[in-house]
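Participant: Below are the structure tokens for one structure; questions will follow.
All of the numbers you see were taken from the coordinates with simple rules; none came from a lab. Computed from a prediction, not measured in an experiment: that's the story for all the values here. Here the Cβ is made from the backbone with ideal geometry for all residues, glycine too, and neighbour counts use every protein chain on show.
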Amino acid sequence: MSQPALKDSLLESGTTAFRGRVNMTLKQTEAWRPPLFSPAQTRISRWQAALRRYFDIQAASGWRDLSAVLPKLAGTLLDVGCGAQPFRILLNPAVHYVGIDTEEAKVHFGYEVPNTIYFSGDTWPVENDSVDSVLCTETLEHVFDTRIFVAQAARVLKTGGNLLLTVPFSARWHFIPHDYWRFTPSSLRLLLEEQGFDRVRVYARGNACTVACYKWMALLLRLLIPQNAKGGIKLLLRSIGTLTVPIFILLAVVANLSLRGEGGDDCLGYTAFAVRSARVNGAGSL
């Protein structure tokens, strides 16, 4: 049997063995997607955002970490992949905030927010050595070439400037198909140091208990907010979901309490901090 024929035979055999299962590379959208975030510009919207964060554990974990750091920053902060700019309200009013996002943000992610600079390509519309801090929250997993992305952060930061980065870990595949990577502390350190950052610190957001609660809440949300069901099926799912509300609230309480504990190897995601070192020849120099 020729080699090409052998390959065809194996492919056919595999296709038969996996009959009934979806080839995930063909997926173009999610079966269920949580509502998008909105800019918190009024007192009511801020209360709504706070309530959502209590039940959106992924968002709550990032907020918990960044709320301890962002109010202390000064100078110019560049928020890359800013989306709805949810962390802007944490900044000191004296900070000069600049939010940028890709031109595909509306089509791929549903965000089109005023006071955001939208750009195309890999080069950020920001001058060299011009910002004191770069903030990048839950964005790196959507970037195809992460080395170029981090090199851009190194380019625009002043020497000694701060990079604040959050990434998901135990999180579902989202904004399909524009979700490419999951990062570990090892990969984050390698990526950042390769592009000229040092003093890299990576902290886990949550632990196995947090992840377990998060996964159960995600299952119950599909009952509480069914998106693809219609008519009687949708009503039935909501009726069943209503019965699970006490369980949903209890899981949220436990999950939020677990965020106060030590981060674990199985976690919702990571928060990373790094400092732009003096420019040297190599991948990080421009």
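Participant: Less than 28 Å apart at the alpha-carbon level, and either on another chain or at least 8 residues along: which lysines does that give for LYS230?
Facilitator: Straight-line reach from LYS230, under 28 Å: LYS27, LYS106, LYS215.
Participant: Suppose R0 equals 25 Å; then what is the FRET efficiency for LEU219 and ILE117 from their Cβ-Cβ distance, rounded to the nearest 0.05? List each step's numbers first, then the result.
Facilitator: Working: r = 38 Å, r/R0 = 1.53.
For LEU219 and ILE117, the calculated efficiency is 0.05.
Participant: Okay, next question. Dipole of the chain (Lys/Arg Cβ +1, Asp/Glu Cβ -1, origin at the Cα centre): which of TRP124, THR159, PHE183 lies farthest to the positive side?
Facilitator: Of the options given, the answer is PHE183.
Participant: Please get the size of the charge dipole for the chain, origin at its Cα centre, with Cβ charges of +1 on Lys and Arg and -1 on Asp and Glu, quoted in debye to the nearest 20.
Facilitator: So the magnitude is around 1000 debye.
Participant: Starting from the Cα-Cα distance between VAL22 and TRP173, subtract it from 0.36 nm times their residue separation and give me the gain in nm to one decimal.
Facilitator: 52.9 nm
Participant: Out of all DSSP beta bridges in the chain, what portion is antiparallel? Express it as a percent rounded to 5.
Facilitator: Close to 45 percent.
Participant: Right, here's the next one. What is the Cα convex hull volume of region 175-286 when expressed per residue in Å³?
Facilitator: 120 Å³
Participant: So what is the 222 nm mean residue ellipticity for the chain from helices alone, if each DSSP H run of at least 4 adds -39500 (n - 2.57) and you divide by all residues, rounding to the nearest 500 deg cm²/dmol?
Facilitator: Theoretical 222 nm ellipticity from helices: -11500 deg cm²/dmol.
Participant: Follow-up. Under a cut-off of 28 Å between alpha-carbon atoms, report the lysines in cross-link reach of LYS158, not counting same-chain residues fewer than 8 places apart.
Facilitator: LYS72
Participant: Per q in 0.16, 0.17, 0.21 1/Å, what log10 I(q)/I(0) does a Debye calculation on the alpha-carbon atoms of region 131-225 return?
Facilitator: -0.75, -0.82, -1.10
Participant: Semi-axes of the equivalent ellipsoid for region 209-258, please: Cα gyration tensor eigenvalues, times 5, square-rooted, ordered largest first, whole Å.
Facilitator: Equivalent-ellipsoid dimensions as semi-axes: 24, 10, 5 Å.
Participant: Here's a follow-up. Would you kindly work out the equivalent ellipsoid of the chain from its C-alpha gyration tensor and give its semi-axes, the square roots of five times the eigenvalues, largest first in whole Å?
Facilitator: Working through the eigenvalues yields semi-axes of 33, 28, 19 Å.
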